[in-house]
Amino acid sequence: MAQQHEDGVHQLVDTFFSFLRRKTDFFTGGEQGAAEKLVTDTFKHHQKLGAQVQMEKEVKREADKKEKVERAVITEVKEKSEPEPKQPKIKELTDEEATKLQQEIDQKKEQESDVDGITANGEKPVENQDSKQAESESEGEEDEKDKGKLTPNNGNGADLPNYRWTQTLSEVDLLVPFQVNFRLKSRDLIVEIQRRHLKLGLRGHPPIIDDEMFNDVKVEESSWLLEDGKSVNIHLEKINKMEWWNKVVTTDPEINTKKINPENSKLSDLDGETRSMVEKMMYDQRQKAMGLPTSEEQKKQDMLKKFMEQHPEMDFSKAKFS
């Protein structure tokens, strides 16, 4: 029955009361106000049931989020609590770690030389040009990968020719305007939201969007709305709430997710544990973009530096650590 009412709930309710007026004495057969009271009581009953169902969904959603965070914490604690296999003090470093270690040793030697004023050759120390060149090349390679990518708009999405999209860590919203000279109705549109496919268009015309999405969405919690008879607003609920999308569908141009501003993404709405994880993830992402160590890498470097200070008798200049 609902499928026969293309204008939605308003038309369905109007049809129901029209039937009662034409086929029954619902409005005139009882005491004055009895029909209105019956409708009001029925509405309040189902409103209460609807609110209860919505509350149960919210509770389940929060429980799922909490369980996910707890599993991640338990896994991390287990990994940290497992005893690490004994490793020899001297072992092989990666090329990047060896370069950084050599830079620290060179800087320390330069500082000691500066105290004396000059080097053994009577000249001021010269900076390690090779390491600087290697670092510049590394930064250049990262920039090359991001060339051609769009800068995110103020909603961490993109303004495309046919539509505008924004995102937070948990959801994606699209605003699609239609250039038509009449007021659109639901029956004029084709909107299909699947787990990893999105289709939107005007009946009888090529679709504006008909492609695979960047990642999976929760179909039951996604929705669409016709606004002012001229544009469609599509809401997509992400399944993975710990990543940024670089595009909505595979044929869209990519945005540079390194330039995303997390403050625009309702970070304050997250619970404490999830927010800490997200802030750490964003910090590490910014550090990588600047060619700086992540929080874990910095921790390892600090431990290595402390060990070197505690053992000045050991020569680390040619040692490699993993």
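The values are calculated or read from the model by the stated rules, or taken from the named source; none is laboratory data. Just so it is clear, the model here is predicted, and its values are computed rather than measured. Neighbour counts are summed over all protein chains in view; Cβ atoms, including those assigned to glycine, are modelled from backbone coordinates with ideal geometry. We work out accessible area using only protein heavy atoms, side chains counted, and drop any ligands, DNA or RNA first. Shrake-Rupley method; radii C 1.70, N 1.55, O 1.52, S 1.80 Å.
Here are some notes:
- Residue check, ASN233 open to solvent by 40 Å² or more (accessible area, probe 1.4 Å), over 15 Å from TRP165 (Cα atoms) and at pLDDT 85 or above: no
- Residue that is least open to solvent (accessible area, probe 1.4 Å) [pool: residues in region 187-216 that are within 20 Å of the chain's Cα centre (by Cα) and free of Cβ contacts under 8 Å to residues at least 24 places away in the same chain]: HIS197
Every residue, every condition in (1) modelled with pLDDT under 85; (2) within 30 Å of VAL278 (Cα to Cα); (3) among the basic types (Lys, Arg), yes or no:
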site	(1), (2), (3)
GLU6	yes, no, no
GLN47	no, no, no
GLN54	no, yes, no
VAL69	yes, yes, no
GLU92	yes, no, no
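- Options PHE27, PHE43: the member that is among the aromatic types (Phe, Trp, Tyr) and assigned to a helix (DSSP H, G or I): PHE43
- Exactly one residue out of VAL249, VAL219 is among the β-branched types (Val, Ile, Thr), touching a residue at least 12 places away in the same chain (Cβ under 8 Å) and within 23 Å of GLN54 (Cα to Cα), and it is VAL219.
- Odd one out for GLU142 among (1) closer than 30 Å to THR168 by Cα; (2) touching a helix residue (DSSP H, G or I) at 6+ places or on another chain (Cβ under 8 Å); (3) in a helix (DSSP H, G or I); (4) modelled with pLDDT of 75 or more: (4)
- Entirely in region 147-213, the strands (runs of 3 or more DSSP E) that have 2 or more residues that are of a type in the set (Asp, Glu): 171-177, 209-212
- Of the numbered criteria (1) open to solvent by 100 Å² or more (accessible area, probe 1.4 Å); (2) modelled with pLDDT of 70 or more, the one VAL59 fails is (1).
- Residue within region 1-19 that is exposed (fewer than 11 other Cβ atoms within 10 Å of the Cβ), at positive phi and not aliphatic (A, V, I, L, M) present: no
- Residue within region 245-260 that is closer than 23 Å to GLU76 by Cα, out of contact with any Ser or Thr (no Cβ under 7 Å at 6 or more places or on another chain) and either of a type in the set (A, V, I, L, M) or open to solvent by less than 60 Å² (accessible area, probe 1.4 Å) (or both) present: no
- Of all the criteria given as (1) open to solvent by 100 Å² or more (accessible area, probe 1.4 Å); (2) at pLDDT below 85; (3) over 24 Å from GLN310 (Cβ atoms), the one not satisfied by GLU84 is (3).
- Qualifying residue in region 45-53 (condition: open to solvent by 70 Å² or more (accessible area, probe 1.4 Å), touching a residue at least 60 places away in the same chain (Cβ under 8 Å), closer than 30 Å to ILE239 by Cα and not hydroxyl-bearing (Ser, Thr, Tyr)): no
- Criterion violated by LEU184 - all others in (1) open to solvent by less than 20 Å² (accessible area, probe 1.4 Å); (2) modelled with pLDDT of 95 or more satisfied: (2)
Yes or no, residue by residue, for (1) modelled with pLDDT of 80 or more; (2) hydroxyl-bearing (Ser, Thr, Tyr):
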| position | (1), (2) |
| --- | --- |
| THR251 | yes, yes |
| ASN256 | yes, no |
| THR274 | no, yes |
| GLU296 | yes, no |
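- Screening THR75 with (1) modelled with pLDDT under 75; (2) closer than 22 Å to MET242 by Cβ gives one miss only, at (1).
- Residue match in region 171-179 (condition: at pLDDT below 90 and open to solvent by less than 30 Å² (accessible area, probe 1.4 Å)): no
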